[in-house]
Structures are given as C-alpha cells and as structure tokens.
Amino acid sequence: VQLQASGGGLVQAGESLRLSCAASGRSFNTYRMGWFRQAPGKEREFVSTISSTGGSAYYADSVKGRFTISRDNAKNTVYLQMNSLKPEDTAAYYCAGSTTNVLVMRPSEYKYWGQGTLVTVSS
C-alpha cells in the first residue's frame with residue numbers, strides 16, 4: 001500500500017484545512033488509518049485514528065473537538081478536517097495505515113506511511 005498525503009498549507013489561527021490521504025493498492029478497506037504529526041525538534045505524535053469501516057474514531061486530547069477524521073473506502077481516501085487551527089498545530093502531518101483493527105496509537109503499530117504534508121498556522 002502506498003499513501004499520498006496532501007492538503008497542507010499556511011493558514012492563520014482560527015482557520016481550517018482539510019488533509020487528504022490517497023491510498024493505492026488493494027485492501028484499503030481492511031486497514032485502520034491514522035494521522036500523526038511531527039513538529040520541528042519534537043517526536044512524532046498521534047493525532048487521530050479511524051477503524052477500517054469508519055465506524056469508530058479516536059482523537060488526541062489536543063485536537064478533540066477541533067479535528068475530524070473520516071474515510072471514503074470507495075475512493076481509498078482518508079481525510080482529516082482541521083478547524084480552529086492554533087499555532088501549536090504547526091507540524092508535518094503524516095497519514096499511516098495499520099493492518100490491525102484494534103485501537104492503536106503508537107507509530108510503531110502502523111506499517112504503511114505516507115510522506116508528510118506541512119501545516120503552518122500563523123498567529
């Protein structure tokens with residue numbers, strides 16, 4: 001599975017962005033998908049994850065209520081809608097796929113990774 005993330009950019013605080021991650025290959029609808037982010041000088045951190053069917057989602061406390069993860073299995077795509085962005089959301093955002101459908105939040109539990117898409121939020 002190859003993952004291609006897009007949608008990053010420069011926005012002002014309070015604005016919104018929607019990230020997309022398109023997957024190639026078969027069996028996308030069997031993978032749990034997640035979003036992670038990494039700010040300069042910091043470790044990669046969990047943002048959100050969604051089950052293979054899209055029936056359940058989980059968020060980091062720092063983004064809960066502002067970000068929404070979703071997926072369209074017919075389009076092999078997972079999304080991250082980011083509202084009310086804050087300067088501390090500035091990071092490279094990565095999508096990732098896991099072959100397990102249990103709730104997993106550590107980067108090591110995700111097998112497939114896309115390239116990062118940069119989100120910069122100015123104050």
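Summary table
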| read-out | value |
| --- | --- |
| Criterion (at pLDDT below 95 and assigned to a loop (DSSP other than H, G, I, E, B)) met by exactly one of Val63, Val104 | Val104 |
| Test: residue in region 6-21 that is open to solvent by less than 30 Å² (accessible area, probe 1.4 Å), of a type outside the set (Gly, Ala, Ser) and part of a loop (DSSP other than H, G, I, E, B) | no |
| Unmet criterion (only one of (1) of a type in the set (D, E, K, R); (2) without any contact (Cβ under 8 Å) to a residue 24 or more places away in the chain; (3) open to solvent by 70 Å² or more (accessible area, probe 1.4 Å)) for Arg106 | (2) |
| Single condition Ser52 does not satisfy, out of (1) assigned to a helix (DSSP H, G or I); (2) crowded, with 16+ Cβ neighbours inside 10 Å; (3) of a type in the set (S, T, N, Q) | (1) |
| Number of the exception - Thr68 against (1) in a strand (DSSP E or B); (2) within 15 Å of Gly25 (Cβ to Cβ); (3) open to solvent by 60 Å² or more (accessible area, probe 1.4 Å) | (2) |
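The values are calculated or read from the model by the stated rules, or taken from the named source; none is laboratory data. In this text the structure is predicted, and so the values were computed from the model without any measurement. In this analysis, Cβ positions are derived from the backbone assuming ideal geometry, glycine residues included, and neighbour counts consider all displayed protein chains. Surface accessibility is based on the protein's heavy atoms, side chains included, excluding ligands, DNA and RNA. Shrake-Rupley method; radii C 1.70, N 1.55, O 1.52, S 1.80 Å.
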